[in-house]
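Q: Here you go, one structure.
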């Protein structure tokens, strides 16, 4: 279980994270919802130890290691001149993964056929899928996906959804997906976390049958936050 | 550390900038040899090396500066910096892996230039274009590698500061070119031993022509080495601190 306790981050006059507390369990997909600048990426970066936050983030009451996480933050970043396989081999070398199963990782995201292509030759959808494959390599406990469908066409979004829900969700993994695409989150998340202005506004089970209901709730929450802020 | 260094070399696969830097390194020996072929008459070996080393001391600092810039720039260019620093290694180790690889490649580039010189030497000799005076090839070898030994670490230190401050390879390359020119600017100065690159050049040329060294050799050597060590330590520590400092938020 990932335990986030009273995590705050202030830079100058700006509070990016404001006393965030969350408990995230394995076997579930969590959807982190919020507008641009709400603190989604900053929260992910804090989990990875990339911010000077105050508070505590632990995994099963142990100190966190960045190797507990697989992540895709902001953009699927790889070495352009290395092939798909070479990029994953490099990642495995850094993590000292003994005999990484690169083939099954790539097959899972339908990229085995493109394994010899240079990263720069991939389409955006392929890059996103490769980013997810890398995040899962070495079977980390926690998977952080920051807007994994950014820039994808509807078919690409559907592929990512199927990949997460039908192939990658497992009792050993806890997946946290951030997005402002409500349709996508409604379709894949078990739990919803609403964030605004660096604060967790609401957490709830995803019981929404259709995206319109979620859209209505999202609007109500965000409007009430804006009113409070004003 | 071994893993980090090996991985740095893996990342260089298909990186064409290395070839460009090799060509830039070879310019002195290529132009020096070509000049001999085109000109009538003979030239003493010492004079040939004097010509080549003058160009080398201008080009090589540029090459090393751009080299270390390009090595650090890989993560900034590909936006893999965040991934790279979250693999669980200390930033100090990451910094050292880049600088060690930079030093190794710089020595390989200098070594290749030397090999080119060695390869051209018998051809030039057989054509009667060169005469062996008081300078032997062994003297040249000693002087050349001593110069390289001094030039590489300090240039790596300076280049690492610029690339990690600017995160911009154009800025780093331009400053690398300026650094190359500034390095040679002090070569002829009587008190140029305070400047590491100028000191390295004069120390190299001492093995070729002792009269070209400073007026007070002992004092100049001791001061030059002390100045070198101080400047190198300062540059390296600034580079390391810049890279490893804890930021409020990494990006």
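The values are calculated or read from the model by the stated rules, or taken from the named source; none is laboratory data. Remember, it's a predicted structure, so these values are computed and weren't measured experimentally. Note that each Cβ is placed from the backbone with ideal geometry, even for glycine, and that neighbours are counted across all protein chains shown.
Q: Take the conditions in a loop (DSSP other than H, G, I, E, B) and modelled with pLDDT under 90 and apply them to residue A:38. Does it pass?
A: Values: in a loop (DSSP other than H, G, I, E, B): yes; modelled with pLDDT under 90: yes.
Here the answer is yes, as residue A:38 does meet what is asked.
Q: Separate question: Can you tell me which residue in the range A:56-85 is nearest to residue A:136 (Cα to Cα), limited to those that are assigned to a helix (DSSP H, G or I) and touching a helix residue (DSSP H, G or I) at 6+ places or on another chain (Cβ under 7 Å)?
A: The residue in question is A:67.
Q: Condition (residue is closer than 22 Å to residue A:95 by Cα, within 14 Å of another protein chain (Cβ to nearest Cβ) and crowded, with 21+ Cβ neighbours inside 10 Å) applied to the range B:55-70: is it met by at least one residue? Walk me through it before giving the result.
A: Restricting attention to the range B:55-70, the residues satisfying the condition of being closer than 22 Å to residue A:95 by Cα are none.
Within the range B:55-70, not a single residue is closer than 22 Å to residue A:95 by Cα, within 14 Å of another protein chain (Cβ to nearest Cβ) and crowded, with 21+ Cβ neighbours inside 10 Å.
Q: Let me ask another. Between B:89, B:76, which is in contact (Cβ under 8 Å) with a residue 24 or more places away in the chain, within 14 Å of chain A (Cβ to nearest Cβ) and not in a helix (DSSP H, G or I)?
A: Values: B:76 fails: not in a helix (DSSP H, G or I).
Only one candidate passes the filter, namely B:89.
Q: Ok, one more. So which residues in the range A:40-56 are crowded, with 21+ Cβ neighbours inside 10 Å and more than 11 Å from chain B (Cβ to nearest Cβ), if there are any at all?
A: Once the filter is applied, which keeps residues that are crowded, with 21+ Cβ neighbours inside 10 Å and more than 11 Å from chain B (Cβ to nearest Cβ), the range A:40-56 yields A:40, A:43.
Q: Just give me the residues in the range A:57-67 being touching a residue at least 12 places away in the same chain (Cβ under 8 Å) and either at the interface with another protein chain (Cβ under 10 Å from one of its Cβ atoms) or crowded, with 22+ Cβ neighbours inside 10 Å (or both), in sequence order.
A: Initial filter on the range A:57-67 (touching a residue at least 12 places away in the same chain (Cβ under 8 Å)): A:57-61, A:64, A:66-67.
Those that are touching a residue at least 12 places away in the same chain (Cβ under 8 Å) and either at the interface with another protein chain (Cβ under 10 Å from one of its Cβ atoms) or crowded, with 22+ Cβ neighbours inside 10 Å (or both): A:66, A:67.
Q: Identify all residues within the range A:72-86 that are surrounded by 22 or more Cβ atoms within 10 Å (Cβ to Cβ), more than 7 Å from chain B (Cβ to nearest Cβ) and in contact with a strand residue (DSSP E or B) (Cβ under 7 Å, 6 or more places away or on another chain); write none if there are none.
A: If the condition is that a residue be surrounded by 22 or more Cβ atoms within 10 Å (Cβ to Cβ), more than 7 Å from chain B (Cβ to nearest Cβ) and in contact with a strand residue (DSSP E or B) (Cβ under 7 Å, 6 or more places away or on another chain), then A:72 is the only one that fits.
Q: Among the residues of the range A:188-206, is any assigned to a helix (DSSP H, G or I), over 30 Å from residue B:14 (Cα atoms), in contact with a helix residue (DSSP H, G or I) (Cβ under 6 Å, 6 or more places away or on another chain) and in contact (Cβ under 8 Å) with a residue 12 or more places away in the chain?
A: First, the residues of the range A:188-206 that are assigned to a helix (DSSP H, G or I): A:188.
Among the residues that remain, those that are also over 30 Å from residue B:14 (Cα atoms) are: A:188.
Checking which are in contact with a helix residue (DSSP H, G or I) (Cβ under 6 Å, 6 or more places away or on another chain) leaves us with A:188.
Now drop any that are not in contact (Cβ under 8 Å) with a residue 12 or more places away in the chain, which leaves A:188.
Within the range A:188-206, one or more residues are assigned to a helix (DSSP H, G or I), over 30 Å from residue B:14 (Cα atoms), in contact with a helix residue (DSSP H, G or I) (Cβ under 6 Å, 6 or more places away or on another chain) and in contact (Cβ under 8 Å) with a residue 12 or more places away in the chain.
Q: Here's a follow-up. Among the residues of the range B:86-95, is there at least one that is modelled with pLDDT of 90 or more and under 21 Å from the mean Cα position of the chain (by Cα)?
A: The answer is yes; a qualifying residue exists.
Q: Does any residue of the range A:117-133 turn out to be touching a strand residue (DSSP E or B) at 6+ places or on another chain (Cβ under 7 Å) and under 29 Å from residue A:7 (Cα atoms)?
A: Checked against the condition, which is being touching a strand residue (DSSP E or B) at 6+ places or on another chain (Cβ under 7 Å) and under 29 Å from residue A:7 (Cα atoms), the range A:117-133 yields at least one hit.
Q: If you don't mind, there's one more thing I want to ask. Any idea which residue in the range A:95-107 is nearest to the other protein chains (Cβ to nearest Cβ), counting only those that are surrounded by fewer than 20 Cβ atoms within 10 Å (Cβ to Cβ) and not in a loop (DSSP other than H, G, I, E, B)?
A: The initial filter retains those residues of the range A:95-107 that are surrounded by fewer than 20 Cβ atoms within 10 Å (Cβ to Cβ), namely A:95-101, A:103-104, A:107.
Applying the additional criterion that residues be not in a loop (DSSP other than H, G, I, E, B) yields A:95, A:103-104, A:107.
Numbers: A:95: 6, A:103: 19, A:104: 21, A:107: 22 Å.
So the residue we want is A:95.
Q: Looking at (1) at the interface with chain A (Cβ under 8 Å from one of its Cβ atoms); (2) touching a helix residue (DSSP H, G or I) at 6+ places or on another chain (Cβ under 6 Å), which is the one condition that is false for residue B:97?
A: Here residue B:97 clears every test but (1).
Q: Just for the range B:187-233: of the residues that are within 20 Å of residue B:136 (Cβ to Cβ) and in contact (Cβ under 8 Å) with a residue 40 or more places away in the chain, which one is nearest to the chain's Cα centre (by Cα)? Steps first, answer last, please.
A: Going through the range B:187-233, the residues within 20 Å of residue B:136 (Cβ to Cβ) turn out to be B:201-213.
Keeping just the survivors that are in contact (Cβ under 8 Å) with a residue 40 or more places away in the chain gives B:201, B:203-209.
Details: B:201: 12, B:203: 15, B:204: 14, B:205: 16, B:206: 19, B:207: 19, B:208: 20, B:209: 22 Å.
This residue is B:201.
Q: Can you confirm whether residue A:20 is more than 9 Å from chain B (Cβ to nearest Cβ) and crowded, with 22+ Cβ neighbours inside 10 Å? First the steps, then the outcome.
A: Working: more than 9 Å from chain B (Cβ to nearest Cβ): yes; crowded, with 22+ Cβ neighbours inside 10 Å: yes.
It is true that residue A:20 is more than 9 Å from chain B (Cβ to nearest Cβ) and crowded, with 22+ Cβ neighbours inside 10 Å.
Q: Hey, can you tell me all the residues within the range B:238-249 that are out of contact with any helix residue (DSSP H, G or I) (no Cβ under 9 Å at 6 or more places or on another chain) and part of a helix (DSSP H, G or I)?
A: B:241
Q: Hey, could you check the range B:202-236 for residues that are buried (at least 21 other Cβ atoms within 10 Å of the Cβ) and within 28 Å of residue B:95 (Cβ to Cβ) and say which is modelled with the highest pLDDT?
A: Result: B:228.
Q: In this structure, does residue B:145 turn out to be in contact with a helix residue (DSSP H, G or I) (Cβ under 9 Å, 6 or more places away or on another chain) and modelled with pLDDT of 85 or more?
A: Numbers: in contact with a helix residue (DSSP H, G or I) (Cβ under 9 Å, 6 or more places away or on another chain): yes; modelled with pLDDT of 85 or more: yes.
Yes, satisfied.
Q: So residue A:116 passes all but one of these: (1) at pLDDT 85 or above; (2) outside any helix (DSSP H, G or I); (3) within 13 Å of residue A:159 (Cα to Cα). Which condition number does it fail?
A: Answer for residue A:116: the failing condition is (3).
Here's the yes/no breakdown for (1) in a loop (DSSP other than H, G, I, E, B); (2) out of contact with any helix residue (DSSP H, G or I) (no Cβ under 6 Å at 6 or more places or on another chain); (3) surrounded by 15 or more Cβ atoms within 10 Å (Cβ to Cβ):
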residue	(1), (2), (3)
B:7	no, no, yes
B:13	yes, yes, no
B:20	no, yes, no
B:25	no, no, yes
B:28	no, no, yes
B:33	no, no, yes
B:37	no, yes, no
B:40	yes, yes, no
